[in-house]
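Quick notes on the structure that follows.
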Amino acid sequence: MSSLLREEMQRVLFRPAKHRLVEFIEIEEPLPGRHFLCVSVERKKVVQLSIVHCQISKTTQKSGSKKLQTQRSSIQECYKKIEIWSLNDLTLVDGRDPDV
């Protein structure tokens with residue numbers, strides 16, 4: 001399952017931006033949907049971290065036989081980068097002294 005997610009995110013989000021998805025993990029967020037922390041690399045070896053939100057919108061409709069039908073949104077609408085950082089921009093913060 002994770003290889004399918006990797007291929008799908010690579011195709012939809014990272015390949016058009018000329019990035020290669022190196023690794024991702026699923027994280028828990030209070031918002032609905034699935035969230036992933038992704039590490040990608042540009043051709044110039046610039047490392048980028050991003051949080052990707054996957055919101056699959058489902059609508060249920062009752063048919064005459066009372067079965068529920070679901071419709072999935074298109075993949076392009078599903079995956080969105082909500083936060084992006086360059087690895088060079090991230091700094092280590094000492095939890096004891098916030099000014100350091």
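For the stretch 1-29, the residues whose backbone nitrogen is under 13 Å from a point 7 Å from the Cα of Ile82, taken along Cα to Cβ, are 27-29.
Extension gain for the segment Val22 to Leu37, taken as residue separation times 0.36 nm less the Cα-Cα distance, is 4.3 nm to one decimal. Once you list every other residue whose beta carbon is under 9 Å from the beta carbon of Ile51, what net charge do they have if Lys and Arg are +1 and Asp and Glu are -1? Surrounding charge for Ile51 is -1. Between Leu90 and Leu4, the distance separating the two model label sites (each 7 Å from Cα on the Cα→Cβ line) works out to 2.9 nm.
Each reported figure results from applying straightforward, stated rules to the coordinates on display, with no laboratory input. This structure is a prediction, so every number in the text was calculated from the model and none was measured. So basically every Cβ, Gly included, is an ideal-geometry build from the backbone, and we count neighbours across all protein chains shown.
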